[in-house]
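One structure is given here, and the rest of the page talks about it.
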Amino acid sequence: MAATADWNGVIARRRDEIIQGWLNFLRAEGALQTGRIKDAELQSECGRVLALVAPDLAHAGDRSPASDELSQTLSALSRSRALQGFTPSETANFVLGLKPALFGAVAAEYAGQGDLIAAATLDATRKLDRLALITIEAYQRSREEVIIRQQREISELSTPVVKLWDGILALPLIGTLDSERTQVVMENLLQSIVDTSAEIAIIDITGVPTVDTLVAQHLLKTVAAARLMGADCVVSGIRPQIAQTMVHLGVELNVVSKASLADALALALQRIGKRVTDVPQALAAPDYSR
Amino acid sequence: MDRIPILKMGDALLITIQVDMHDRLALALEEDLTAKIAATRAKGVLIDISSLEIVDSFIGRMLDNIAAVSRMLDADTVVVGMRPAVAITLVELGLSLTGVKTALNVERGMLLIQKRLRGLGDFSGRRS
């Protein structure tokens, strides 16, 4: 049986040399250019990872006792990389950059023993590639966590129901209406209708970027549900482009619609028998600003 | 079998559903109501479903039917007090009860019916 490379020995003897080669590679790739990470920090990370890589490489099988700790360390590293805004290739390059330095060290250590170098290189490549994949996976996972958190925040921001007057509610919708949000919106609106015994609800869609057939259907559902509770709905804030698109698509909202929230409020006040009038100058409130 | 009482209040009939509706009860109600409208010449029907927690497509359709039958006998139907969850269920079932008038509570429903009765004054020979 051919002799195998003594990785522990090689790395112990040539530690500084390997780390220097690794750092040079990373610097050449521009890891420091963006200023997101400092040279000293990078150096200590390299040292920590190398100390864990050594037993993993020395182990004959795929998974050594150090594997778990190694993958945890790398996962933590790439998570922080992802949060700092590094690209996926920069993150993977951190691990892959160890290869040239390591191979250089092995070649120098076993000069003249071609077979041994080839076998050691192949083995190390396989293991390091697996580590690079671990970092990429962790990177991806942490990016997805960010997306999920943002989604949750957006849905929490959504849809307050505002009382404009006794018996008049406004529902300013912002963002796209999908079925999940429609459900929340509908429940909020109906509960508010019960709580405030509102007669009219104004649904303002100024903040809805696009209205396609699906969104229109969701709007109509909300209107129908409010009607079943005995409240009329007025839709306001349909922007000119959206109105055009809706007509082109053949979407019809068979509800009262007004161009602006102000018009809708005027209509609502009229329906509940209220009127807004100018106050004669003599009766106007005194000006306290002077 | 128990039946749902139908109360006469002036020109309107008041029905308060306070038990879980099952299909036979609903059918019995439809029959009783039709007979009562014909007998009393009522002009409005007010159905209070504020204690109704569960509706299915059958009950939804029955409400629609009652409204259609009442209209044929010249009485308006107003459904009042629907719960939010019930409203959402009906809409999801595709039953938006377009033929039925709705109001938030009994008081508002009565106002709706009275408004119609005032409008009808000229034709029925009665003035209120």
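Every number in this text was worked out from the coordinates using simple rules, so none of it is lab data. Values in this document were obtained by computation on a predicted structure and should not be read as measured data. Glycine also receives a Cβ, built like all others from the backbone with ideal geometry; neighbour counts cover every protein chain displayed.
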Only Lys, Arg (+1) and Asp, Glu (-1) charged, at Cβ; segment A:162-275 dipole about Cα centre in debye: 300
Rounded to 10°, Cα long-axis angle of helix A:114-157 versus longest principal axis of chain A: 10
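Which whole number gives the average, over all residues in A:218-227, of C-beta atoms from other chains lying within 10 Å of the residue C-beta?
Neighbouring Cβ atoms belonging to other protein chains average 4 per residue here.
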Shape of segment A:162-275, Cα gyration tensor, a/c cut at 1.5: oblate
Loop GluC sites (Glu not before Pro), segment B:17-69, which have at most 16 other Cβ atoms in a 10 Å radius of their Cβ (DSSP): B:Glu53
Of all DSSP beta bridges in the protein assembly as shown, antiparallel share, percent nearest 5: 20
Gyration tensor (Cα) of chain A, equivalent ellipsoid semi-axes in angstrom: 69, 21, 16
Interchain or long-range residues, amide H under 5 Å from A:Ser257's placed H: A:Val235
Spacing of the two label points (7 Å from each Cα toward its C-beta) at A:Arg152 and A:Ala243, in nm: 4.1
Candidate lysines for bridging to A:Lys127, where Cα separation is under 18 Å - those fewer than 8 sequence places away on the same chain excluded: A:Lys99
Members of A:Lys221/B:Lys115; A:Lys163/A:Lys258; A:Lys258/B:Lys43; A:Lys258/B:Lys101 lying beyond 26 Å, as alpha-carbon distances in this model show: A:Lys221/B:Lys115; A:Lys258/B:Lys43
Quotient of C-alpha Rg and 2.2 N^0.38 Å, computed over segment B:6-121: 0.99
Residue order, fewest to most beta carbons within 10 Å, for A:Tyr110, A:Tyr139: A:Tyr110, A:Tyr139
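Based on the mean of other Cβ atoms within 10 Å per residue, sort peptides A:245-255, B:81-91 so the most packed one is first.
B:81-91, A:245-255
Please arrange A:Lys221, A:Lys38 by counting, for each residue, the other beta carbons lying within 10 Å of its beta carbon, fewest first. Before the final figure, lay out each step's value.
Values: A:Lys221 20, A:Lys38 10.
Lowest count first: A:Lys38, A:Lys221.
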B:Leu111-A:Thr176 FRET efficiency (beta carbon distance; Förster radius 45 Å; 0.05 resolution): 0.70
0 to 90° range, to nearest 10: angle between helix A:67-84 axis and chain A longest Cα axis: 50
Tilt relative to chain A, helix A:39-58 - C-alpha long axis, 0 to 90 degrees, to 10: 60
Per-residue HN-Hα couplings for segment A:274-279 [Karplus 6.51, -1.76, 1.60; θ = phi - 60°; Hz; x = Gly/Pro]: 10, 9, 9, 10, 6, 8
Within 10 Å of each Cβ in B:7-15, the average number of Cβ atoms from other chains: 0
Rounded to 5, percent antiparallel among DSSP beta bridges of segment B:6-121: 25
DSSP loop trypsin sites (Lys or Arg not before Pro) with at most 12 other Cβ within 10 Å: longest gap in chain B: B:42-125
R0 of 22 Å, Cβ-Cβ distance A:Arg143-A:Arg36: FRET efficiency to nearest 0.05: 0.90
